[in-house]
Amino acid sequence: MSIVSGLLLIALAGVILNVLFYKSKIVQKYVSLLLFAVLAYLSFNMYKQVGSHFSIPFLIAGQSIGFTITWLNYYFALMITGITLLTAIFSLKYMEGKEGIVHYYTVLFMKTFGMLGVILSSDLITFFVFWEIMSWSTFSLMSTGGKEAPKSALKYFIFAVTASMILMVGVVLSYSLFGSFDFAVIHSKIDSLSLPMTGFLLSIFIVSFSIESAVFPMHSWLPEGYSNTFTTFTAYLTGISTRIGIYGIILFLFGIFGIQTVDKLVILGKINFRYIFGVFAALTMIIPTFTALYQHDAKKLIAWHSVGQGGYMLIGLASANALGISGGILHIINYLTYQVLIVFAIASVEYRTGTTNLNKLGGLIKKMPVSYLALLFGIIGLAGLPPMNGFVSKWFIYKALIMSGYPFLAIAAVIGTIGTILSVYKLIHNMFLGQLPERYNDIKEVSFSMQLPMWILMIVVFGLGVYPGLAMGLIAKIQTSLGLAVVPYSLHGIASGSGQLNMLVITALFMGGLAVAWIIYLLGSRRKHVNQYNNYAGGHFLNKDVAYNFNYEFYAAIEHVIDPYRKKIIERTERGIIGLVDAVSEYVRRIYTGMINTYAIYILTAFVITIIFLKELI
Amino acid sequence: MNTVLWIIFLPIIIFIIGTFMLGYSRKFIARIERRYGPPIQQVFYDIFKLMNKKTNISHGWMHDIAILMLLGGTLLTLYFIPVPGFHFFAQYGDMLVIMYILLIPALGMALGVGETANPNGSIGISRALMMLAGYDIPFFLTFIGMAMLNQTTSMYELINIQQAGGFFGWGLITNPLLGVAALIALQGMLGEKPFEVMVAPHEIATGPMTEMGGKYLGIMMIQHAIAVVVELTIYINLFLGGALNWFEYIIKLFVLFTVLLSVNAVFGRFRTDDAVRFMWKIPLPMAVIGVLFIIF
C-alpha cells in the first residue's frame with residue numbers, strides 16, 4: 001500500500017471511528033491520538049516515495065485521476081500532520097469535560113483528510129473535490145465552541161462558496177482549453193495559450209485561493225471566524241488552514257503556469273501581474289496588522305496577525321527571485337510554529353482564567369512562567385527579531401525586495417513588522433506583565449500534557465532560527481522541482497555573497513553579550529525580590545484595593561494618528577460598497593413582483609429562449 | 001589575535017567614549033541654559049555610585065533577565081557595526097540584521113519594565129513603542145534607498161563606496177533628502193527632545209526607569225552610553241562616509257551629537273501623537289521623494 005492511500009484512509013478511518021463511537025472517551029482521546037501519530041509518522045516517511053503516482057481506480061471524462069508526491073506537498077504534509085498531532089496532544093487536557101468534545105475529533109480528522117487530499121492531488125478534479133471537503137470541514141470547525149461561532153462561520157461559508165464557485169469556473173475552463181485535468185499536462189500546454197486568456201485563467205485561480213488565504217480585500221471572514229471557536233481550533237486554523245490557500249498559489253504560480261509565463265503578463269513597464277499581486281500582499285501586511293492594535297481580545301488580536309503574516313509569504317513569492325521565493329516558503333513553516341505556540345499560550349491562560357479579554361488579565365508571569373516563556377518565544381518569532389525563526393524568513397524577504405528594486409514593497413514589510421511589534425507587546429504585557437489581579441492569586445501552571453506541545457514548539461522556533469538550513473534543504477529541493485533558481489544556503493543562513501547572514505554567529509554573540517552583562521550584574525550586591533505592591537506610587541501606599549495598572553487603551557495616542565485615515569479610507573470604501581450592493585439589489589428585487597402573472601411570463605420567456613438556443617445547437 | 005583584542009577592548013573603548021559624550025551633553029545643555037553644569041566625568045561617578053548601592057530591588061526573574069538582555073543586545077549590535085579598523089563581524093550580518101538587533105535591547109527593556117507592575121513604566125514603554133513606529137519607518141526607508149542605490153545591504157561596503165568618492169561621495173551630499181530625513185529620525189531614535197515622550201520626567205516619573213534603582217539603573221546607564229555611540233555610528237556610516245581613523249571618527253561623533261543636542265536644547269516636548277504625526281508628515285515624505293529620485 002502506498003503512503004498516500006495510507007494517509008488518506010487513516011484520516012478517513014479516524015472520521016468514521018469518531019462518528020461510530022461518539023460516546024466513547026477512549027476513542028476520542030487515545031485512538032485519535034494514536035491515529036494522528038501514525039499520520040505524522042507516515043507523512044514523515046513520504047520522502048522515500050517522492051515522485052510516485054497513485055491513481056484512483058476509476059476514470060472521469062475518460063481520464064485517470066489521482067495523487068502524486070512532490071517535494072512541495074511533502075513539505076505541507078509534514079506541517080499538517082505535525083501540527084494536528086500537537087493540537088491533539090494539547091486538546092487532551094484542554095477539551096476535558098467540555099461540551100463540544102462529541103464532534104471535536106470528527107471534524108479535526110475531516111479537516112486533516114481534506115487538507116491532505118488537496119495538497120497531494122495531481123489533477124484539478126481531485127483538487128476541487130478535496131477543496132470542497134476542506135472548506136466544509138473548516139465551516140464545521142468554526143461553528144463549534146461558543147455562542148457567536150455559528151454566525152461567524154456562516155460569514156466564512158459565504159466566502160468559501162464564492163471561492164469554490166470561482167475555482168469551479170477555473171476547472172471547467174481549463175478542461176475546455178486543455179482537454180485535460182492533469183497538472184503536468186496543463187503545464188506542458190500553457191505556452192500555447194494566448195496572453196489575455198492566460199491572465200484571465202491565472203486571475204481566476206489566484207482570486208479563488210486568495211479568498212481562502214485571506215488576502216486583503218477578501219479577509220473579513222477570518223478574524224471573527226477564527227477567534228469565536230475553541231482556542232485549540234484557533235491554533236489549528238490559523239496555523240495551517242489559511243496556508244492551504246498559499247499552497248494553491250505556489251502550485252499554480254510556479255508549478256502549473258510557470259514564472260516565465262506569468263512574467264509575460266506585463267501591463268506597463270515594471271507593473272506586471274506579479275507587481276499587482278505584491279501590492280495586494282503589501283496591503284495585507286499593513287492594514288490587518290494595524291487593526292490588530294485595536295483589539296481587546298487575545299484570540300482576535302492573533303487572528304488579525306494570521307491575515308497579516310500571509311502578506312509576507314505572498315510578497316516573497318511575488319518578488320519572484322530565488323531569495324524571495326525561498327523566504328516566502330520558509331515563512332510558512334516559521335509562521336506555523338510561532339503562531340501555534342502563541343495560540344497555545346493563550347489557550348493555557350484561557351484554560352486557567354476562563355477569559356482572553358486583554359483588559360481583565362495581567363501579571364500572570366508569576367503564576368504561569370512556562371506559558372509566559374512560550375508566548376515570549378512566539379512573539380519574538382512573530383515580530384521577526386533575531387534569534388528566532390521569524391527573523392530569518394523576513395530577512396530573506398526584505399533583502400529580496402530591496403535587491404530586486406521594490407523599495408516601497410520593502411518598506412511595507414517593515415511597516416508591517418513595526419505594527420506587529422506594537423501589538424504583540426500589548427498582548428504579552430496585558431496578559432502576563434503588569435499588576436496581578438487578586439482573583440488570580442490561586443492560579444497554577446497548566447499540566448504537563450499541555451506544556452509538552454509548547455516546549456516542542458519552543459525548541460523548533462529557536463532551532464529553526466539558529467539553523468535555518470534544516471528547512472532550507474527541503475526548500476531548495478522544492479525550488480529545484482518547480483524549476484526555480486536555488487539560494488546558496490548553509491546550515492546557519494546564507495552562504496555567499498555580500499551582506500550574508502549567519503544566525504549562529506548572531507546567536508553566539510548575543511549569548512556572549514548576555515554573559516558579559518551577567519558578569520557586570522554580579523559585580524553589584526545581591527538583589528532582593530519584592531512584591532508588586534512595594535512600588536513607586538508618588539507617595540501613596542498600594543494594596544490590593546488600589547488598581548495600579550495600565551493596560552486599557554494601550555496605544556491610544558497612535559490610534560488618534562491612524563483613526564482619521566482609517567475612517568477616511570476604509571470606512572468610506574466600505575460604505576461605498578454597501579451603497580452599491582444596495583442599489584443593485586434594489587433593481588434585482590424588482591424582478592420579484594409577487595404577482596403570479598409576471599412569473600408565468602418569466603417562465604414562458606425562459607422556455608422560448610431555451611428552445612431557440614437548443615435549435616441553434618442542434 | 002588582532003580580532004580577539006578588538007572583541008575584548010571595543011566595548012570598553014566605546015563605553016568610555018559614550019560616557020564622555022553623555023557628560024559632554026550635560027555640560028553643553030547646562031551652558032546653553034547659563035548653568036555651570038556637572039564635570040564632564042560625572043557620568044562615571046554616577047555609574048560607580050549606582051553599581052555600589054547596597055539595596056537592589058527587583059520585581060521578578062524577568063526584571064533581572066531584562067537588564068541582561070538590555071546590555072547583551074546592545075553589545076551584540078556594537079560588534080556588527082563597522083568602526084575604523086574593525087569590521088570582522090560585518091560579514092556575518094548586514095544592515096538589515098543591525099536594524100533588527102537594535103530592537104532586542106528595547107524588547108528586553110519593555111518586558112522587564114512590564115514586570116515591575118508600575119503604570120508609569122508601562123506608559124513609558126507604550127510611548128516608546130509608538131515613537132518606534134514614528135521614527136523607524138522613515139529611517140528604514142532612507143536605508144532602503146541607500147541600499148538600492150549602491151546595490152548592497154552591507155554597511156561595510158556602503159562605507160567603502162562612500163569613501164571612494166571622497167567628501168562628495170558622502171550619502172548626505174549625494175542624497176540630501178535621505179540624509180536629512182534620517183537625521184530627523186535619528187533625533188527620535190536617540191529620544192532627544194522634542195521626541196522625549198518615553199522618559200518625560202515631569203509627567204510619568206521617568207517612565208521605564210521608575211522602578212529601576214541601584215545596579216539596575218547603573219547597567220541601564222552603561223547601556224545608554226554604548227547605545228548613543230552605536231546609533232550615531234549607524235548614521236555616520238550610512239550618510240557621513242564612515243571614518244578612516246579613530247580621530248576622524250570621534251570628531252564626527254561629537255559634531256553629529258552637538259547638532260542633535262542643539263535641537264534638543266531649544267525644544268520642548270512633543271505629545272506622543274504629535275511626535276508620531278510629525279515623523280510621518282515631514283521625514284517620511286522626504287524619504288519617499290528621495291527614494292523616488294533614486295528609482296527614476
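The values are calculated or read from the model by the stated rules, or taken from the named source; none is laboratory data. Because the structure is a prediction, the values reported are computed rather than measured. Neighbour counts run over all protein chains shown; Cβ positions are idealised from the backbone, glycine included. The protein model used for the area step is the full one, side chains on, heavy atoms only, and it has no ligands, DNA or RNA in it. Shrake-Rupley method; radii C 1.70, N 1.55, O 1.52, S 1.80 Å.
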Residue by residue through the stretch A:228-255, note down the ones that are open to solvent by 10 Å² or more (accessible area, probe 1.4 Å) and either not in a helix (DSSP H, G or I) or not aliphatic (A, V, I, L, M) (or both).
A:ASN228, A:PHE230, A:GLY255
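Please specify each residue of the stretch A:29-49 satisfying the condition of being of a type outside the set (D, E, K, R) and more than 18 Å from A:LEU72 (Cβ to Cβ). Before the answer, list the steps.
Applying the first criterion (of a type outside the set (D, E, K, R)) to the stretch A:29-49 yields A:30-47, A:49.
A:TYR30, A:VAL31, A:SER32, A:LEU33, A:LEU34, A:LEU35, A:PHE36, A:ALA37, A:VAL38, A:LEU39, A:ALA40, A:TYR41, listed by residue number.
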Scan the stretch B:190-201 and give yes if some residue there is within 25 Å of B:PHE80 (Cα to Cα), within 13 Å of another protein chain (Cβ to nearest Cβ) and buried (at least 24 other Cβ atoms within 10 Å of the Cβ), otherwise no.
no
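Going by the conditions given, is B:ALA106 surrounded by fewer than 24 Cβ atoms within 10 Å (Cβ to Cβ) and either free of Cβ contacts under 8 Å to residues at least 40 places away in the same chain or within 7 Å of chain A (Cβ to nearest Cβ) (or both)?
Working: surrounded by fewer than 24 Cβ atoms within 10 Å (Cβ to Cβ): yes; either free of Cβ contacts under 8 Å to residues at least 40 places away in the same chain or within 7 Å of chain A (Cβ to nearest Cβ) (or both): yes.
It is true that B:ALA106 is surrounded by fewer than 24 Cβ atoms within 10 Å (Cβ to Cβ) and either free of Cβ contacts under 8 Å to residues at least 40 places away in the same chain or within 7 Å of chain A (Cβ to nearest Cβ) (or both).
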If you take the residues in the stretch A:349-403 that are polar (S, T, N, Q) and open to solvent by less than 10 Å² (accessible area, probe 1.4 Å), which one is farthest from A:PRO453 (Cα to Cα)?
A:SER393
Matching residues, the stretch A:404-420, being more than 7 Å from chain B (Cβ to nearest Cβ) and open to solvent by 10 Å² or more (accessible area, probe 1.4 Å)
A:SER404, A:TYR406, A:PHE408, A:LEU409
Across the stretch A:565-576, what is the total count of residues that are modelled with pLDDT of 85 or more and open to solvent by less than 100 Å² (accessible area, probe 1.4 Å)?
1
Quick check: anything in the stretch B:109-126 more than 7 Å from chain A (Cβ to nearest Cβ), surrounded by 24 or more Cβ atoms within 10 Å (Cβ to Cβ) and within 25 Å of B:ALA181 (Cβ to Cβ)?
no
Output the helices (runs of 4 or more DSSP H) that fall wholly within the stretch A:517-618 and possess 3 or more residues being touching a residue at least 40 places away in the same chain (Cβ under 8 Å) and more than 30 Å from B:ILE8 (Cα to Cα), or say none.
A:556-565
Applying the selection to the stretch A:518-549, what residues are more than 21 Å from B:PRO208 (Cβ to Cβ), surrounded by 12 or more Cβ atoms within 10 Å (Cβ to Cβ) and more than 9 Å from chain B (Cβ to nearest Cβ)?
A:LYS544, A:VAL546
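I'd like the full set of residues that are of a type in the set (Phe, Trp, Tyr) and either in contact with a Pro (Cβ under 6 Å, 6 or more places away or on another chain) or farther than 12 Å from B:LEU261 by Cβ (or both), limited to the stretch B:22-59.
Narrowing the stretch B:22-59 to residues of a type in the set (Phe, Trp, Tyr): B:24, B:28, B:36, B:44-45, B:48.
Those that are of a type in the set (Phe, Trp, Tyr) and either in contact with a Pro (Cβ under 6 Å, 6 or more places away or on another chain) or farther than 12 Å from B:LEU261 by Cβ (or both): B:TYR36, B:PHE44, B:TYR45, B:PHE48.
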Meets criteria (over 21 Å from A:ASN334 (Cβ atoms), more than 8 Å from chain B (Cβ to nearest Cβ) and in a helix (DSSP H, G or I)) for A:GLU350
yes
Checked the stretch A:143-201 for anything open to solvent by less than 50 Å² (accessible area, probe 1.4 Å), outside any helix (DSSP H, G or I) and in contact (Cβ under 8 Å) with a residue 60 or more places away in the chain; matches are A:SER143, A:THR144, A:GLY145, A:SER180, A:PHE181, A:ASP182
Given the condition at pLDDT below 80, of a type in the set (S, T, N, Q) and surrounded by 11 or more Cβ atoms within 10 Å (Cβ to Cβ), answer yes or no: does some residue in the stretch A:590-603 qualify?
yes
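Residues of the stretch B:2-61 being of a type in the set (Ser, Thr, Tyr) and either open to solvent by 50 Å² or more (accessible area, probe 1.4 Å) or more than 19 Å from the chain's Cα centre (by Cα) (or both), which ones?
Going through the stretch B:2-61, the residues of a type in the set (Ser, Thr, Tyr) turn out to be B:3, B:19, B:24-25, B:36, B:45, B:55, B:58.
The answer is B:THR3, B:TYR24, B:TYR36, B:TYR45, B:THR55, B:SER58.
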Selection over the stretch A:371-389 where residues are within 10 Å of another protein chain (Cβ to nearest Cβ) and either in contact with a Gly (Cβ under 6 Å, 6 or more places away or on another chain) or not in a helix (DSSP H, G or I) (or both) yields a count of 4
What are the residue pairs meeting all of these: first residue in the stretch B:55-79, first residue more than 22 Å from A:LEU504 (Cα to Cα), second residue open to solvent by less than 20 Å² (accessible area, probe 1.4 Å) and acidic (Asp, Glu), Cβ atoms under 6 Å, and 6 or more apart or on different chains?
B:SER58/B:ASP64; B:HIS59/B:GLU115; B:GLY60/B:GLU115; B:MET62/B:GLU115; B:HIS63/B:GLU115
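State yes or no: is B:THR19 more than 12 Å from chain A (Cβ to nearest Cβ), more than 30 Å from B:VAL259 (Cβ to Cβ), of a type in the set (Val, Ile, Thr) and touching a helix residue (DSSP H, G or I) at 6+ places or on another chain (Cβ under 8 Å)?
no
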Pull up the stretch B:90-103, narrow it to residues that are in contact with a helix residue (DSSP H, G or I) (Cβ under 6 Å, 6 or more places away or on another chain) and more than 7 Å from every other protein chain (Cβ to nearest Cβ), then point me to the one that is nearest to B:TYR216 (Cα to Cα).
B:LEU102
Which residues, taken from the stretch B:165-221, are touching a strand residue (DSSP E or B) at 6+ places or on another chain (Cβ under 8 Å) and among the small types (Gly, Ala, Ser)?
B:GLY213, B:GLY214
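Being over 16 Å from the mean Cα position of the chain (by Cα) and closer than 20 Å to A:GLY465 by Cβ is the filter here; which residues of the stretch B:79-90 pass it?
First, the residues of the stretch B:79-90 that are over 16 Å from the mean Cα position of the chain (by Cα): B:84-90.
Result: B:PHE89, single match.
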Just one of A:LYS444, A:LYS426 is facing chain B (nearest Cβ under 9 Å) and of a type in the set (D, E, K, R); which is it?
A:LYS426
